[in-house]
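Q: Sharing a structure here in structure tokens format.
The values are calculated or read from the model by the stated rules, or taken from the named source; none is laboratory data. A quick note: this is a predicted structure, and the numbers were derived from the prediction, not measured. Neighbour counts run over all protein chains shown; Cβ positions are idealised from the backbone, glycine included.
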Amino acid sequence: MAKVQKLVIASNNAGKLREFQRMLSPLGIEVLTQAQLGISEAEEPHCTFVENALAKARHVSRESGLPALADDSGICVEALGGAPGVISARYAGDDPKSDQRNNEKLLEVMQGVTDRRAHYYCVLVLVRHADDPQPLIAEGEWHGEIAHEARGDGGFGYDPYFWLPQFGQTAAQLSHEQKAQLSHRALALQILLEKLGRHSIPPE
């Protein structure tokens, strides 16, 4: 069974890239980014996380000729019917995309809402080649609540407002080590790595 030696991450999100590099580097996996290879971002027209992740992975694998790992993730608020969901990164619009603007919009929409339950969701899709008929798919959820005010300066996205009652902290207040064990992305990656152990990816 061939060991995965190199992957292209289908993302230009700096926060996500840092998390993937921290998690994959200790395994001896070289992590390249689509920006390093001059690959453009794929369209994400779909209404589900898994379809968007698959589209991104196939696009990057086709352009690079390498195995590609794509993530599609977001925050889903119970009282909002799962919104922002797949548009979490552009909840407040694309001009420009901004974590601050997204958080401000979420707080505005949540004014007067007593049910603050929410969860981060992540789906990871790994394709061995662009036309891989059996992509490896893994998902993870991280449950918490939407806080009324920001706390902490770590993380990215909605982390300063993602309150974890069991810790008495937001995701932005956790250490990298804690997030590497608890986050939706970490949980999905653990599942993906287990699946990798049962599947062969051709070496370069």
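Q: Quick test of your reading of the structure: A53 fulfils all but one of (1) surrounded by fewer than 22 Cβ atoms within 10 Å (Cβ to Cβ); (2) modelled with pLDDT of 95 or more. Name the failing condition by number.
A: (1)
Q: Going residue by residue through the stretch 160-170, is there one that turns out to be in contact with a Leu (Cβ under 8 Å, 6 or more places away or on another chain) and polar (S, T, N, Q)?
A: Scanning the stretch 160-170, I find at least one residue that is in contact with a Leu (Cβ under 8 Å, 6 or more places away or on another chain) and polar (S, T, N, Q), so the answer is yes.
Q: Can you give me the number of residues within the stretch 131-187 that are out of contact with any Phe, Trp or Tyr (no Cβ under 9 Å at 6 or more places or on another chain) and of a type outside the set (D, E)?
A: Of the residues in that region, 21 qualify.
Q: Select from the stretch 127-159 the residues that are at pLDDT below 95, hydrophobic (A, V, I, L, M, F, W, C) and in contact with a Leu (Cβ under 9 Å, 6 or more places away or on another chain) and list them in ascending order.
A: Across the stretch 127-159, the qualifying residues are V127, L136.
Q: With H184, H176 as the choices, which residue is touching a residue at least 40 places away in the same chain (Cβ under 8 Å), loosely packed, with under 15 Cβ neighbours inside 10 Å and of a type outside the set (S, T, N, Q)?
A: The conditions single out H176.
Q: Taking the stated definitions as given, is R101 surrounded by 12 or more Cβ atoms within 10 Å (Cβ to Cβ) and closer than 20 Å to I87 by Cβ? Quick ask: steps written out before the conclusion?
A: Details: surrounded by 12 or more Cβ atoms within 10 Å (Cβ to Cβ): yes; closer than 20 Å to I87 by Cβ: yes.
The answer is yes for R101.
Q: In the stretch 139-159, which residue that is closer than 21 Å to N12 by Cα and touching an Asp or Glu at 6+ places or on another chain (Cβ under 8 Å) is surrounded by the fewest Cβ atoms within 10 Å (Cβ to Cβ)?
A: Out of the qualifying residues, it is F156.
Q: If I ask for residues that are modelled with pLDDT of 80 or more and in a helix (DSSP H, G or I), which ones from the stretch 1-21 would you list? If you could, list the steps in order and put the result at the bottom.
A: The first filter runs over the stretch 1-21 and keeps only residues modelled with pLDDT of 80 or more, leaving 6-12, 17-18, 20-21.
The answer is L17, R18, F20, Q21.
Q: Still on this model: Considering (1) within 24 Å of D131 (Cα to Cα); (2) part of a loop (DSSP other than H, G, I, E, B), say which one V50 fails and leave the rest.
A: (2)
Q: While we're here: With the requirement that a residue be under 22 Å from H119 (Cα atoms) and surrounded by fewer than 17 Cβ atoms within 10 Å (Cβ to Cβ), what does the stretch 60-82 give you?
A: Correct list: E78, A79, G81, G82.
Q: Same structure, new question: Tally up the residues in the stretch 49-84 that are of a type in the set (V, I, T) and farther than 14 Å from L124 by Cβ, please.
A: Adding up the residues that qualify gives 2.
Q: Does any residue of the stretch 113-120 turn out to be crowded, with 22+ Cβ neighbours inside 10 Å and modelled with pLDDT of 95 or more?
A: Of the residues in the stretch 113-120, the ones crowded, with 22+ Cβ neighbours inside 10 Å are 118, 120.
Add one more test, that the residue is modelled with pLDDT of 95 or more, and what stays is 118, 120.
Yes - at least one qualifying residue is present in the stretch 113-120.
Q: Please go through (1) of a type outside the set (D, E); (2) assigned to a strand (DSSP E or B); (3) under 20 Å from Q34 (Cβ atoms) for V60 and return the number of the only condition it doesn't satisfy.
A: Answer for V60: the failing condition is (2).
Q: Being closer than 22 Å to A186 by Cα and in a loop (DSSP other than H, G, I, E, B) is true for just one of G157, G93. Which residue is that?
A: G157
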